[in-house]
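Pasting a structure below so you can have a look.
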Amino acid sequence: VSQKRVLYIDLSRKKSEIKIHSDLETVLGGVGLGTALYNDLAETSPIILSIGPFAALLPGCSSTCATFRSPLTAGQAESYAGGWLAACMRFSHLDAIVINGRSPAPVYLVITDGDVKFKDASPIVGRNVFESFRYLSETEGFVGKRSIVTIGKGGENRVAYASVNVDNYHEFSRLGLGSVFGRAGLKGFVISATESIEVKNDALFSSLRQEIITTLREGTSKNIFPGFNKFGNVAGIKFQNDIGGMPVRNLSSNRFGEIGNISEESWFSAHKPHGIASVGNPVPEKFIFDLQDMKIPLGYDSIVSLGPLIGLSNRDSIISLRALALDYGLDPVSLGFVLSYIHELEGLTFSEDFSLRKLVTELVDQSEKWSKQLSGGVQASSVKMGGVDFALALNGLEMAPYFNGYATIVGQLAGLSQNLEDTEGHRLDIGLLGRDFDNFSLAGALIQREKLILLLNSLSVDYFARGLYADISLVFSLLQSLGYSWSKEELERFTEELYYLKLGAKKRSGFSQDRWQVPEKIFKTPSAYGLLKENRLNEILNVYKSEYWT
Amino acid sequence: MAKVLSVADERACIGCGLCVLASAKKISGKYSLADSPIIISKNRDGLFSIDIDDAYKHRLAEIVSVCPVNCFEVTEEI
C-alpha cells in the first residue's frame, strides 16, 4: 500500500501516463507526497494534487493538497480543498495527479480510470465558475461519483490571487492556484471514481472509524475545533472581535463597532443557512446562504475579509460580494485586502453594492492600467502605486484576517507555506493573551505545531479534525489497519525530514531569512496582544535563523 | 412484509456521502462510490437529491442510523 500511483498529465503534448512509484514509499501522502514530487520537477513548475492514506475513508479527512509555484510569493505553495475531489482520487486509486506543460488553446480534462481525455474548453472560456460548473456537470455525466474542478475569469485573466473551485462550494483558495491553471491553459477537469477499496484489517478500521464518527457527531470532545459543531467554519467572528483581533478597515482598528450585524449568531438567526459536508464528514464544515436562486458558502475568512476589513456590515452586501468572488474564482481573503488597500489609497468609502461590484469586475477584466497593476496582489501593486506601508501582505501573500499577536504574524512569515492555518499562530496567540512569553518558546511552539500539521496534512486530515487526529497512537493504529507498516519512530522521522525538505525548497525559490516583508501598519494598530514592536518581531524571527534553520 | 430503506427528508441532506460509502460496504464489503446502491447528486437549486437502487433497498435498513441528519426512514414494503 505504500507504493504511490501517480497520474502524469502533459498539457503541451496532450499525453498522460500512470507511474507506480516504489521510490516514494516513505513520504506517506498529501503534502509529503506533493513536496517530494514537486522537488523533482520544480524547474517545470508543475501543478500537483495529492491525497493521503486517510482521504475519503475516515471522517474529517477530505482534504486534497495542491502543490504549485505561487504567483504571489514566487515560492512553492500549498493550498487545500474539500468536496469530493479526494474521494474521486481515492476511488480511482490515484495518490497524486501531476500536471505539466501548457496547452496552446484552453482545455478541460475528463479523467476516468486513470485515462485522460483532453477536451476543447472554448464553450466555457470566458465563463465564470457557476456556468462552467453547470456546463461540465451536464456535458460529462458521472452523476454521484464525480468531482468537478474549474476556474473562472479570475484565473483565465491570470489574477495572481485567483482560486480554483471544487464542486461549487469548495475552493483551493489561497496563494493563486487559479492563476496557475489559467497560465497552463487549463480551464478545469472532471474526475470520476470507478474503483472500490478493501481495507486490510477491516474489524479494527471499522471500529476506530465508528468511534471518530460518534465523537464528531456528538461534538463533546475538547479536541474538536471550538464552535464548529454549531457554526462550522463561520465560528469565531464574535470571539475575534471581543479579543481585539479583527482587522477592520484595512487594519485601522482591531474591533468592529457593528459586530452585532455580522456575528455568527446574527448570520444564523437571520439567514438559516444550510450545512454542507465534504465526503465522509458527519457534520457540516461549511454553510451555504441564499442569494436569489443561488447558494453561496460563507465562512469566517470570507465574512471578515469582505465585511469589517472593508467597512461593510450589511449582510446582504457581504453575501453578494462573496458570490461575485466565488463566481469569478477569486480568493475572498486576498480580494478583501486588495479592496481595503484601494480603500485607504484612494480614500474611498465602500457602502453601495454597485460600486463594489463594478470595482471587482474591473479588477478581473483589467482594462485599465491600475487594475492591471492590482492583478499582482497588494504587495506587488504598492511598489508601483504607493502605499507600501499599508499594503497588508506578508512576504507577498495578503495576510490572513486575524490580528491576534506575534505568533499570528510570525506564523505567516516563517511558516513554510505562509498559510496561517499551517502554523495556527493565531490560536497560539490566544493562549498568550495577557501573558509574557520568551521568544524561544514562541518559535519552538510554532515549529512544533507546524510539524504536527505537516503530518496531518500528509494524511489528508481537515483543519477542524486536527485535534482528534493529533493523537499519534490513533494515527498509528489507523495506518496499521490500512496495511501501512510504519512505526511511530518512522512517522516522527518522516515529519522531521519533510519540514527540512520544504525549508530547502523555500530557500531555493529565493526566500531570504534576512529580508522580511512586513508593512509598517502592523506596528501602528494594536493587535489582541497589544501594540506589536518591530524589534520584538525581528528577535523572534532571528530565533528561527539561529536555532532551527541553520 | 420486508423492511426497506426510503428517503424521508431529502432537503436535510448535507452531501456527506456517509450513506453512499456505508451502503457500498454493506452490499460488496468494499468502500466505493461507483458500486454504491445510493447516489447523492446536486440539484439545480444547490441542494441534494438521494436515489436508492430499488434492487437493494430491502438490504439497507441499517443505513438509516448512518445519516447524521436523518434523511432516511425504514418503511414496510407494500
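Regarding A:S179, is this residue within 10 Å of another protein chain (Cβ to nearest Cβ), within 30 Å of A:Y108 (Cα to Cα) and in contact (Cβ under 8 Å) with a residue 60 or more places away in the chain?
Numbers: within 10 Å of another protein chain (Cβ to nearest Cβ): no; within 30 Å of A:Y108 (Cα to Cα): yes; in contact (Cβ under 8 Å) with a residue 60 or more places away in the chain: yes.
So A:S179 does not fit the description; no.
In segment A:52-76, how many are part of a loop (DSSP other than H, G, I, E, B), buried (at least 24 other Cβ atoms within 10 Å of the Cβ) and more than 14 Å from every other protein chain (Cβ to nearest Cβ)?
Within segment A:52-76, residues that are part of a loop (DSSP other than H, G, I, E, B), buried (at least 24 other Cβ atoms within 10 Å of the Cβ) and more than 14 Å from every other protein chain (Cβ to nearest Cβ) number 6.
Still on this structure: Looking at B:S32, B:S28, which is the one that is closer than 25 Å to A:T112 by Cβ, touching a helix residue (DSSP H, G or I) at 6+ places or on another chain (Cβ under 6 Å) and facing chain A (nearest Cβ under 8 Å)?
B:S32
When you scan segment A:196-203, do you find a residue that is crowded, with 24+ Cβ neighbours inside 10 Å and in contact with a strand residue (DSSP E or B) (Cβ under 9 Å, 6 or more places away or on another chain), even just one? Before the answer, list the steps.
So in segment A:196-203, the residues crowded, with 24+ Cβ neighbours inside 10 Å come out as none.
No, every residue in segment A:196-203 fails to be crowded, with 24+ Cβ neighbours inside 10 Å and in contact with a strand residue (DSSP E or B) (Cβ under 9 Å, 6 or more places away or on another chain).
From the list A:K488, A:K502, pick out the single residue that is under 19 Å from A:N419 (Cβ atoms) and of a type in the set (D, E, K, R).
A:K502
On to the next question. Among A:N241, A:N250, A:N314, which is the only one that is at pLDDT below 95 and of a type in the set (S, T, N, Q)?
Result: A:N314 is the single residue among A:N241, A:N250, A:N314 that is at pLDDT below 95 and of a type in the set (S, T, N, Q).
Let me ask another. With a cut-off of at least 2 residues that are acidic (D, E), name the helices (runs of 4 or more DSSP H) lying wholly within segment A:432-550.
A:488-508, A:534-543
Taking the stated definitions as given, is A:E211 away from every other protein chain (no Cβ under 14 Å) and in contact with a Ser or Thr (Cβ under 6 Å, 6 or more places away or on another chain)?
Working: away from every other protein chain (no Cβ under 14 Å): yes; in contact with a Ser or Thr (Cβ under 6 Å, 6 or more places away or on another chain): no.
It is false that A:E211 is away from every other protein chain (no Cβ under 14 Å) and in contact with a Ser or Thr (Cβ under 6 Å, 6 or more places away or on another chain).
Sticking with this one: Would you check which residues across segment A:190-201 are under 17 Å from A:H93 (Cβ atoms) and hydrophobic (A, V, I, L, M, F, W, C) and list them?
Correct list: A:I191, A:A193, A:I197, A:V199.
Before we move on, is A:T220 more than 10 Å from every other protein chain (Cβ to nearest Cβ), polar (S, T, N, Q) and either part of a helix (DSSP H, G or I) or within 30 Å of A:L392 (Cα to Cα) (or both)?
Values: more than 10 Å from every other protein chain (Cβ to nearest Cβ): yes; polar (S, T, N, Q): yes; either part of a helix (DSSP H, G or I) or within 30 Å of A:L392 (Cα to Cα) (or both): no.
Here the answer is no, as A:T220 does not meet what is asked.
Within segment A:327-336, is even one residue more than 25 Å from A:K153 (Cα to Cα) and among the hydrophobic types (A, V, I, L, M, F, W, C)?
no
Being within 23 Å of A:M89 (Cα to Cα) and under 20 Å from the mean Cα position of the chain (by Cα) narrows it down to one of A:V116, A:V143, A:V129, so name that one.
Numbers: A:V116 fails: under 20 Å from the mean Cα position of the chain (by Cα); A:V143 fails: under 20 Å from the mean Cα position of the chain (by Cα).
Going through A:V116, A:V143, A:V129 in turn, the sole match is A:V129.
Identify, please: which residue in segment A:366-383 is part of a loop (DSSP other than H, G, I, E, B) and not polar (S, T, N, Q) and is, among those, farthest from A:V180 (Cα to Cα)?
A:E368
Right, here's the next one. Name every residue in segment B:59-78 that is touching a strand residue (DSSP E or B) at 6+ places or on another chain (Cβ under 7 Å) and outside any strand (DSSP E or B), in order of residue number. Steps first, answer last, please.
Here is the first cut: in segment B:59-78, the residues touching a strand residue (DSSP E or B) at 6+ places or on another chain (Cβ under 7 Å) are B:60-61, B:63-64, B:71-77.
Scanning segment B:59-78 gives B:L60, B:A61, B:I63, B:V64, B:C71, B:E77.
Please go through (1) free of Cβ contacts under 8 Å to residues at least 60 places away in the same chain; (2) on the phi > 0 side of the Ramachandran plot for A:S371 and return the number of the only condition it doesn't satisfy.
In the conditions (1) free of Cβ contacts under 8 Å to residues at least 60 places away in the same chain; (2) on the phi > 0 side of the Ramachandran plot, A:S371 misses (2) alone.
Ok, one more. In segment A:237-317, which helices (runs of 4 or more DSSP H) lie fully inside it and hold 2 or more residues that are touching a Pro at 6+ places or on another chain (Cβ under 6 Å) and either more than 11 Å from chain B (Cβ to nearest Cβ) or surrounded by fewer than 23 Cβ atoms within 10 Å (Cβ to Cβ) (or both)?
Fully inside segment A:237-317 and qualifying: A:300-305.
Next question, about the same structure. May I ask you to list the residues in segment B:38-58 that are buried (at least 16 other Cβ atoms within 10 Å of the Cβ), outside any strand (DSSP E or B), away from chain A (no Cβ under 11 Å) and not aromatic (F, W, Y)?
Once the filter is applied, which keeps residues that are buried (at least 16 other Cβ atoms within 10 Å of the Cβ), outside any strand (DSSP E or B), away from chain A (no Cβ under 11 Å) and not aromatic (F, W, Y), segment B:38-58 yields only B:K57.
Determine whether B:L60 is more than 18 Å from A:P59 (Cβ to Cβ) and touching a Leu at 6+ places or on another chain (Cβ under 7 Å).
Considered against the rule, which asks whether it is more than 18 Å from A:P59 (Cβ to Cβ) and touching a Leu at 6+ places or on another chain (Cβ under 7 Å), B:L60 comes out as yes.
From the residues in segment B:18-37 that are assigned to a loop (DSSP other than H, G, I, E, B) and touching a strand residue (DSSP E or B) at 6+ places or on another chain (Cβ under 6 Å), which one is nearest to A:E138 (Cα to Cα)?
B:D35
If you don't mind, there's one more thing I want to ask. From the list A:Q418, A:Q412, pick out the single residue that is within 17 Å of the chain's Cα centre (by Cα), in a loop (DSSP other than H, G, I, E, B) and surrounded by 19 or more Cβ atoms within 10 Å (Cβ to Cβ).
Just one listed residue meets the conditions, A:Q418.
Also, quick follow-up: Here's a check for you: in segment A:8-55, which residue that is aliphatic (A, V, I, L, M) and in contact with an Asp or Glu (Cβ under 8 Å, 6 or more places away or on another chain) is farthest from A:S79 (Cα to Cα)?
Here the residue is A:L33.
For segment B:2-23, what are the residues that are surrounded by fewer than 19 Cβ atoms within 10 Å (Cβ to Cβ) and within 10 Å of chain A (Cβ to nearest Cβ)?
Correct list: B:R11, B:A12.
Could you list, in sequence order, the residues of segment A:115-133 that are at negative phi and not charged (D, E, K, R)?
Kept after step one, since they are at negative phi, are these residues of segment A:115-133: A:115-125, A:127-133.
Matches in segment A:115-133: A:V116, A:F118, A:A121, A:S122, A:P123, A:I124, A:V125, A:N128, A:V129, A:F130, A:S132, A:F133.
Tell me the residue from A:K488, A:K451, A:K507, A:K502 that is among the charged types (D, E, K, R) and surrounded by 19 or more Cβ atoms within 10 Å (Cβ to Cβ), please.
Of A:K488, A:K451, A:K507, A:K502, the one residue that is among the charged types (D, E, K, R) and surrounded by 19 or more Cβ atoms within 10 Å (Cβ to Cβ) is A:K502.
The values are calculated or read from the model by the stated rules, or taken from the named source; none is laboratory data. What you are looking at is a predicted structure, and each value in this text was computed from that prediction instead of being measured. Backbone-built Cβ (ideal geometry, glycine too); neighbour counts: all protein chains shown.
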